[in-house]
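For reference, the structure is listed below as structure tokens.
Nothing in this text is a laboratory measurement; each read-out follows from the coordinates by a stated rule. The structure displayed is predicted, hence computed values, not measured ones. Methodologically, a virtual Cβ is constructed for each residue, glycine included, from the backbone with ideal geometry; neighbour enumeration extends over all protein chains shown.
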Amino acid sequence: MECTVVAPFLEKPAMPQGESTPLPAETGALRDELLKCPYLAIERISIAPGRSHSVVPHDSPSLVIGVSGEGSIRLEPSRREGLKAGDAWLLPSSASSVVLESKEELSVLRITY
């Protein structure tokens, strides 16, 4: 299996670099693709304080891991759980609505396979 490491895993760049994808301005989020290969992708999603970001559903389960900051993960309109550094959530492929919300700047890793 051949993989491409796109950026260092946990080093947060001071300014967005070529591999960063600013998400729509109204979301206040930035997505960094860290690793991509045919069977695995790792991205870092950074969300500005007080903002939210909808996670695009994937056709297989994915893992969301809190790296820094604090916020919440909304799995359904009525279910909101805390999210901070060290927390991990396994999202089933059937999850149609997942929203990450930040209290302070929130950074998470999302791993899909």
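So which residues in segment 83-106 are polar (S, T, N, Q) and farther than 22 Å from C37 by Cα, if there are any at all? Break it down stepwise before answering.
Within segment 83-106, the subset polar (S, T, N, Q) is 93-94, 96-97, 102.
Answer for segment 83-106, where residues must be polar (S, T, N, Q) and farther than 22 Å from C37 by Cα: S94, S96, S97, S102.
Starting from residues that are surrounded by 16 or more Cβ atoms within 10 Å (Cβ to Cβ) and of a type in the set (G, A, S), keep the ones in segment 90-109 and report whichever is farthest from S72 (Cα to Cα).
So, considering only residues that are surrounded by 16 or more Cβ atoms within 10 Å (Cβ to Cβ) and of a type in the set (G, A, S), the one farthest from S72 (Cα to Cα) is A95.
Looking only at segment 45-80, filter to residues that are part of a strand (DSSP E or B) and touching a Ser or Thr at 6+ places or on another chain (Cβ under 6 Å); which one of those is surrounded by the most Cβ atoms within 10 Å (Cβ to Cβ)?
The extreme case among them is G71.
Kindly provide the set of residues from segment 81-113 that are closer than 19 Å to G50 by Cβ, among the aliphatic types (A, V, I, L, M) and not in a strand (DSSP E or B), ordered by number.
Initially, segment 81-113 is screened for residues closer than 19 Å to G50 by Cβ, giving 81-85, 98-108.
Among the residues that remain, those that are also among the aliphatic types (A, V, I, L, M) are: 83, 85, 98-100, 106, 108.
A85, the sole residue that qualifies.
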